[in-house]
1. Could you state the accessible area per residue of the protein assembly as shown in Å², with a 1.4 Å probe and every protein chain left in place?
2. Let me understand the stretch B:104-210 better: what is its radius of gyration from the alpha carbons, and its Dmax, in angstrom?
3. Please enumerate, by chain and number, the lysines with C-alpha under 26 Å from the C-alpha of B:Lys182, excluding those fewer than 8 residues away in the same chain.
4. Please compute the length gained on full extension between B:Ile32 and B:Leu120, using 0.36 nm multiplied by the number of residues separating them and subtracting their Cα-Cα distance.
5. Gain in length, B:Arg593 to B:Val56, computed as 0.36 nm per residue apart minus the alpha-carbon separation, to one decimal in nm?
6. Return P(r) of the stretch B:56-148 (all Cα-Cα pairs; 10 Å bins starting at 0; whole %; ordered from short to long distances).
7. Carbon-plus-sulfur fraction of the accessible area of the stretch A:1-42, 1.4 Å probe, in percent?
8. Which value at 222 nm does the protein assembly as shown reach when only helices count, each DSSP H run of 4 or more adding -39,500 (n - 2.57), with the total divided by all residues and rounded to the nearest 500 deg cm²/dmol?
Amino acid sequence: MAEMKRFECLRCDHRYMAEYDRKVTVERTCPSCGSNSVKLESKKPAKKPAGNTNTASAKG
Amino acid sequence: MMDVGRHPKIKTLVNSEVEEVSGFVGNFRARIRRNPRYVVAEDCTACDECARVCPVAVPDEYQQGFSSRKAIYLPFPQAVPSAYILDMENCLGSEPIACGRCAEVCEKKCIDFDDQGEVLEVPVGSIVVATGMKVYDPRMNDEYGYTRFDNVITSMEFERLICAGGPSAGHLVRPTDRRTPKRIGFVQCVGSRSATRGVPYCSNICCMNTVKQTLQIHEHYQDASTTVFYMDIRAFGKGFEDLYRRSRDNGTRYVRGLPGNVEEDPETRDLVVTVENTTTGKLEQHRLDMLVLAVGLEPHKGNGKKTVDEILNLSHTSDGFVLEAHPKLKPVDAPTRGIFFAGCVEAPKDVKDSVTQASAAAARALNLLGAGKVQVEAITAMLDTEQCIMCGVCTRVCPVNAITASNKKQKQFPSIIEAACAGCGTCAAECPTDTIAMRHFSDAQILAQVEAILAEDRMSKILTFACNWCSYAGGDMAGTSRLQYPPSVRLIRTMCSGRVDEKFIWHAFRLGAPLVLVSGCHFSDCHYIDAVTWTQKRVEKVWSRMEKLGIRPGRLQLEWISAAEGQKFARVMRELHEHLHRVTPAEVEETIRILEKQPPVPGRSKTAVAAATA
């Protein structure tokens with residue numbers, strides 16, 4: 001059963017909602033930059049990334 | 001078809017469905033259900049006595065419903081075998097026999113009301129899939145008044161009307177008054193080339209079919225006028241342009257624009273078509289006796305419970321047609337060895353192209369059978385039963401069913417059918433105990449490449465795993481197109497992105513890789529059916545694990561690049577080069593420190609790791 005889930009692009013940090021079905025693997029593309037590095041956003045907050053002081057979100 | 005029916009070495013199973021296919025190249029086994037015919041085909045002489053006495057009349061599907069047939073009938077005049085068939089859904093004579101007239105008059109005693117059909121198990125060496133196509137149903141969107149006006153018909157219906165063996169014996173009549181139409185219009189691209197109605201692709205045959213039909217009309221009825229409403233005419237084949245020119249010279253008017261509205265005159269039943277002629281920019285109204293919709297083609301997946309894709313484990317492109325092993329080098333081969341395609345199952349095509357492809361498929365199949373043995377590439381999987389924990393993962397992930405199932409209770413290990421193995425390496429990547437090794441793409445070989453790449457100046461390198469067929473070829477395309485991209489990319493070629501083991505990725509991060517890219521074919525292009533889906537699942541798993549360990553998931557990138565996407569390859573590499581500068585040496589050092597405390601594949605079950613390291 002498909003449900004709406006939040007995805008994040010690991011290339012441009014764009015976040016968006018899209019249909020997600022656990023049983024079906026589909027090719028995902030970021031609507032903003034066209035990258036396929038699209039990750040389902042996890043519910044739990046992640047550990048602070050190790051040693052990174054200059055992440056993609058700090059672009060520009 | 002008659003030649004096929006008479007050929008001593010061709011066995012034709014009509015009115016049958018393939019239910020299951022198992023085995024591998026040279027050793028397939030097909031389970032075929034022959035549906036009951038209720039007529040002994042071998043004895044039937046097609047004398048028509050049975051049909052003459054049959055009291056039931058139903059619309060004739062072959063004649064597109066323009067005439068009727070009996071409950072016992074010959075499907076069409078050239079049917080092979082030339083024997084009648086009983087349509088039990090409409091027959092009055094079953095349980096108990098209420099009519100039985102056909103059985104009474106049949107001299108040969110061919111009628112068998114108790115026919116149950118049968119299930120056959122047929123061993124076959126190779127398989128040619130030729131399930132054909134079906135036409136778009138214009139009732140879906142009530143386009144151009146098809147459901148409202150009887151004089152709006154499809155190109156298939158028109159084909160029957162003008163055929164000498166058709167319901168009106170080749171005399172073109174319009175359905176409402178059986179008068180010969182004098183003004184006939186054709187609408188192109190009905191159900192084709194539309195993102196919202198029907199299918200997005202061009203159905204290939206409709207333009208030339210319409211051109212042919214306009215010529216047929218003018219040959220038979222010199223006083224008829226024909227108008228074609230079109231987006232653009234695609235007359236690309238040998239002699240097609242000449243045919244198109246002849247159609248224009250014969251007086252067919254080609255109006256560039258599709259009708260916006262179709263109405264019917266209630267008195268005359270004539271059709272009034274409103275269209276914007278995009279060549280002149282003017283709105284035109286055409287009064288027609290008949291309108292023919294050139295309907296598009298859709299893939300036909302069989303009539304059984306399972307589709308042909310499911311039965312033969314075939315992959316298909318986004319438009320639903322089956323995917324060939326290689327569009328240029330193996331255009332009639334399925335990714336699964338020993339299976340070939342012919343006709344519209346692969347893409348919409350005309351008779352000439354279908355015959356060409358069928359000849360090629362037959363030659364490929366014969367080649368295989370004639371050789372008596374199969375030569376396979378040496379890139380196949382090998383299994384070491386000593387480490388195998390019989391988890392069944394390899395059998396489950398194999399896209400070509402080349403691994404037999406294990407059985408823990410009977411201590412039966414899985415085994416690899418080398419003739420069927422396509423060499424994608426998904427089994428080796430998914431095996432939790434590293435029991436499976438790939439010839440020429442072994443773990444040791446790939447890990448050594450990772451180590452060599454990261455031995456020097458690691459902070460300036462993007463470690464990229466590229467699949468042989470698409471991403472690597474995309475890189476080639478970028479090179480041959482002289483596209484510029486940063487020199488930071490370092491490629492490791494694998495046959496499929498499915499071969500990229502988690503272990504390779506973690507090893508790269510452990511050695512200080514700042515950025516790792518896994519790239520493969522688009523899902524619809526995967527040369528190993530669905531192996532690419534396992535790549536995505538695996539990368540998602542690694543992202544999740546990285547997040548838990550406190551490693552930024554963005555350092556592992558995923559990209560689907562086809563062989564034709566040289567520009568995309570160059571663009572992705574430029575983007576990743578920018579991305580590379582955002583990874584600091586401190587971040588890389590911290591990652592190394594985190595991974596020092598982890599097993600080779602973080603998160604992999606302790607049992608599996610223990611078995612692997614034992």
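The values are calculated or read from the model by the stated rules, or taken from the named source; none is laboratory data. If you're wondering where the values come from, they're calculated on a predicted model, not measured in any experiment. Methodologically, a virtual Cβ is constructed for each residue, glycine included, from the backbone with ideal geometry; neighbour enumeration extends over all protein chains shown. Areas reflect the complete protein model, heavy atoms only, side chains present, ligands, DNA and RNA absent. Shrake-Rupley method; radii C 1.70, N 1.55, O 1.52, S 1.80 Å.
1. Heavy-atom SASA per residue in the protein assembly as shown reads 49 Å².
2. 20.6, 57
3. B:Lys212, B:Lys282
4. The span from B:Ile32 to B:Leu120 would gain 31.2 nm if fully extended.
5. Length gained, B:Arg593 through B:Val56: 185.0 nm.
6. The calculated distribution, bin by bin, is 11, 29, 30, 21, 8, 0.
7. Ligands and nucleic acids excluded, carbon and sulfur reach 49 percent.
8. -7500 deg cm²/dmol
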